[in-house]
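Trainee: Following this message is one structure expressed as C-alpha cells.
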Amino acid sequence: DVKVTQSSRYLVKRTGEKVFLECVQDMDHENMFWYRQDPGLGLRLIYFSYDVKMKEKGDIPEGYSVSREKKERFSLILESASTNQTSMYLCASSSHGQGNYGYTFGSGTRLTVV
Amino acid sequence: QKEVEQNSGPLSVPEGAIASLNCTYSDRGSQSFFWYRQYSGKSPELIMFIYSNGDKEDGRFTAQLNKASQYVSLLIRDSQPSDSATYLCAPWTDSSYKLIFGSGTRLLVRP
C-alpha cells in the first residue's frame, strides 16, 4: 500500500513564525501536492511538484512556498504564519499517467495559528 | 461556471436505501473520474474510479459515467450509517497531472 506520511497531526504556531509541514511518500511517486481544506471552500491546491526540484503554483500559493529536494519528500513552508492560514493541510501523491489510480492522501495536519 | 459541480447537501437517506450522488464537470478532456469519501476530520480516501462510459460496480457502490453529458454519479446501495460522510468527485486529465475536486456532497444515512 502506498503510504503518505505527514509529520504532524496537530500543530499550534504563533503569528509571524516560519512553519514547516513535511510530507513523505514511500512509493516512488513523481507527483506530490499540497492542499488546504476549509469548511465550505473544499480542497484548494496550494502547490504541486511533478519532479524533484520542480514546483508549480496552484490556486492559492500566496504566503506559501515549497521545497522538493528528494523525490519522496515535499515540504510546505509558511514564511510568516498568519491567522488566516489556520486550516487543515493535506498532502497527496500520485504517479505520472496514473489516471487509473488517482491520489493517495496523507492523514492531514490541522494547523492553528494564534 | 465551476469546473466540477456537486450539490453540497446534506443528502439524507434512511438506512437500507439507495443514495445517489451526482457530479457534473466542464472539461471535456477529462479521462478518468474518481470518487473519494471523507469522514469529518479525516483525509479523503479513494473508493472508486471509472474511465469508460457506462456503469462500474464494486460491492455496494456503482459509478456511472456519461461523457457526452459530462456527468458522473455514485450510487450506494443498502446505505449504512457508516456511509455518512462527504463524497468528493474528481475528474483527471492526463495532460495536467492533477485531479480537480468538487466541493463535495454530504451524505447522512439515518438509522
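The values are calculated or read from the model by the stated rules, or taken from the named source; none is laboratory data. What you are looking at is a predicted structure, and each value in this text was computed from that prediction instead of being measured. Glycine gets a Cβ as well: all are built from the backbone with ideal geometry, and neighbour counts include every protein chain shown. Just so you know, the surface numbers come from the protein's heavy atoms only, side chains and all, with ligands and any DNA or RNA stripped out. Shrake-Rupley method; radii C 1.70, N 1.55, O 1.52, S 1.80 Å.
Trainee: A:Ser65 fails exactly one of the following numbered conditions: (1) open to solvent by 20 Å² or more (accessible area, probe 1.4 Å); (2) more than 11 Å from the chain's Cα centre (by Cα). What is the number of that condition?
Mentor: That leaves (2) as the condition not met.
Trainee: Continuing with the same structure: Return the residues of the stretch B:82-99 that are open to solvent by 50 Å² or more (accessible area, probe 1.4 Å) and more than 9 Å from chain A (Cβ to nearest Cβ); say none if nothing qualifies.
Mentor: B:Ser82, B:Ser95
Trainee: List the number of the failed condition for A:Asp28; all other conditions in (1) on the phi > 0 side of the Ramachandran plot; (2) buried (at least 16 other Cβ atoms within 10 Å of the Cβ); (3) in contact (Cβ under 8 Å) with a residue 40 or more places away in the chain hold.
Mentor: (2)
Trainee: Let me ask something additional. If we keep just the residues of the stretch A:35-69 that are aromatic (Phe, Trp, Tyr) and more than 10 Å from chain B (Cβ to nearest Cβ), which is nearest to A:Ala81 (Cα to Cα)?
Mentor: Filtering first and then ranking leaves A:Tyr64.
Trainee: For the stretch B:50-63, which positions are aromatic (Phe, Trp, Tyr) and either in contact (Cβ under 8 Å) with a residue 40 or more places away in the chain or out of contact with any Ser or Thr (no Cβ under 7 Å at 6 or more places or on another chain) (or both)? Walk me through how you get there before you give the answer.
Mentor: Taking the stretch B:50-63 as the starting set, the residues that turn out to be aromatic (Phe, Trp, Tyr) are B:51, B:61.
B:Phe61 - this is the single residue of the stretch B:50-63 that is aromatic (Phe, Trp, Tyr) and either in contact (Cβ under 8 Å) with a residue 40 or more places away in the chain or out of contact with any Ser or Thr (no Cβ under 7 Å at 6 or more places or on another chain) (or both).
Trainee: Also: Please work out if A:Tyr10 is at pLDDT 95 or above, exposed (fewer than 13 other Cβ atoms within 10 Å of the Cβ) and within 14 Å of another protein chain (Cβ to nearest Cβ). First the steps, then the outcome.
Mentor: Working: at pLDDT 95 or above: yes; exposed (fewer than 13 other Cβ atoms within 10 Å of the Cβ): yes; within 14 Å of another protein chain (Cβ to nearest Cβ): yes.
So A:Tyr10 fits the description; yes.
Trainee: Additional query: Regarding the stretch A:80-88, can at least one residue be identified that is within 28 Å of B:Trp92 (Cβ to Cβ) and facing chain B (nearest Cβ under 10 Å)?
Mentor: yes
Trainee: Looking at B:Asp78, is it within 30 Å of A:Cys23 (Cβ to Cβ) and open to solvent by 30 Å² or more (accessible area, probe 1.4 Å)?
Mentor: Working: within 30 Å of A:Cys23 (Cβ to Cβ): no; open to solvent by 30 Å² or more (accessible area, probe 1.4 Å): yes.
Here the answer is no, as B:Asp78 does not meet what is asked.
Trainee: Oh, and also: Among the residues of the stretch B:14-34, is any without any contact (Cβ under 8 Å) to a residue 60 or more places away in the chain, within 11 Å of another protein chain (Cβ to nearest Cβ) and within 24 Å of A:Tyr101 (Cβ to Cβ)?
Mentor: Yes, the stretch B:14-34 contains a residue that is without any contact (Cβ under 8 Å) to a residue 60 or more places away in the chain, within 11 Å of another protein chain (Cβ to nearest Cβ) and within 24 Å of A:Tyr101 (Cβ to Cβ).
Trainee: A further question on this structure: Which numbered condition in (1) basic (Lys, Arg); (2) open to solvent by less than 60 Å² (accessible area, probe 1.4 Å); (3) at the interface with chain B (Cβ under 9 Å from one of its Cβ atoms) is the only one that A:Arg110 fails?
Mentor: Against the list (1) basic (Lys, Arg); (2) open to solvent by less than 60 Å² (accessible area, probe 1.4 Å); (3) at the interface with chain B (Cβ under 9 Å from one of its Cβ atoms), A:Arg110 comes up short only on (2).
Trainee: Next question, about the same structure. Would you check which residues across the stretch B:1-40 are open to solvent by less than 50 Å² (accessible area, probe 1.4 Å) and closer than 16 Å to A:Arg44 by Cα and list them?
Mentor: If the condition is that a residue be open to solvent by less than 50 Å² (accessible area, probe 1.4 Å) and closer than 16 Å to A:Arg44 by Cα, then B:Val4, B:Gln6, B:Tyr36, B:Gln38 are the ones that fit.
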